[in-house]
Amino acid sequence: MSFAWHLGAAETLISDSKLHFSITIPNGFEAATDASKTMKCDYAFTRPPRSNEKLPTGIAILGLSGTIGRNIPSQVKTPTGDPCEIQQYSWHTMDITAAACPETVHGIQCVNLNAVVPLAPQAIRLTVFGEVSNRPELEGILRSILSTLEGRSNWLTAEERYDRLASLLGALFGGGLVAWYYLRKKNKKVPPAPI
């Protein structure tokens, strides 16, 4: 079950209990239920073209039906075989991978910025779409929505990895100390009893 609330000056908060996340969609974007059906995504939002634009700007969110690992793809291609540019974005304390994929729509050069976020129990893909001439703004929109995204990750943070490593090393050291003490006691010669 999901809920969408309009906040302040038309920001939209999504709280999705199925995908276990919440996120705020920026001001100026409106839900596009027809687009979400056409694009086969869980959520779609569009902002109408401004005076210097010919196409709307879009945001799409798609649940990926499982978790993801930390493998960074060496290359990503569009369905037509065009290469995508691999980028890094921050989400909380983690670096996540995004692919900037070119697309032509009605003769206009566009870009899809696709970031995959390692949520549990399902990762999600956030896509920001728009004209390539607006790419810096599109990247800002992606950073903005990533900064509002809340959910539990299946990845460990650097601090959690350090804590687990410290626990493992502590257990190994403690086990080694016990083994050393046991072997030392076992190998110690017992003096003969006086007669």
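Here, each number is a calculation from the coordinates, and none is a lab measurement. The structure displayed is predicted, hence computed values, not measured ones. Here the Cβ positions follow ideal geometry from the backbone for every residue, glycine too, while neighbour counts run over all protein chains shown.
A few notes on this one:
- Under 5 Å, built H, 5+ apart or other chain: amide partners of residue 12: 7, 25
- Summed side-chain charge close to residue 27 - residues other than residue 27 whose Cβ falls under 12 Å, Lys, Arg +1, Asp, Glu -1: -1
- Shape call, region 2-151: gyration tensor on alpha carbons, a/c limit 1.5: oblate
- Ranked list, fewest to most other Cβ atoms within 10 Å of each Cβ, for 105, 117, 111: 105, 111, 117
- Size estimate for region 62-145 follows the Kirkwood approach: the inverse of mean 1/r over distinct Cα pairs works out to 13.4 Å.
- Applied to region 134-140, the Karplus parametrisation 6.51 cos²θ - 1.76 cosθ + 1.60 on θ = phi - 60° returns per-residue 3J(HN,Hα) values of 9, 3, x, 5, 4, 5, x Hz, with x for Gly and Pro.
- Phi angles of region 97-113 translate, via the Karplus equation with coefficients 6.51, -1.76, 1.60 and θ = phi - 60°, into HN-Hα couplings of 9, 10, 10, 9, 10, x, 7, 10, 10, 6, x, 9, 6, 10, 9, 10, 9 Hz per residue; Gly and Pro are given as x.
- Each Lys or Arg adds one and each Asp or Glu takes one away; over the other residues whose Cβ falls under 14 Å from the Cβ of residue 138, this sums to -2.
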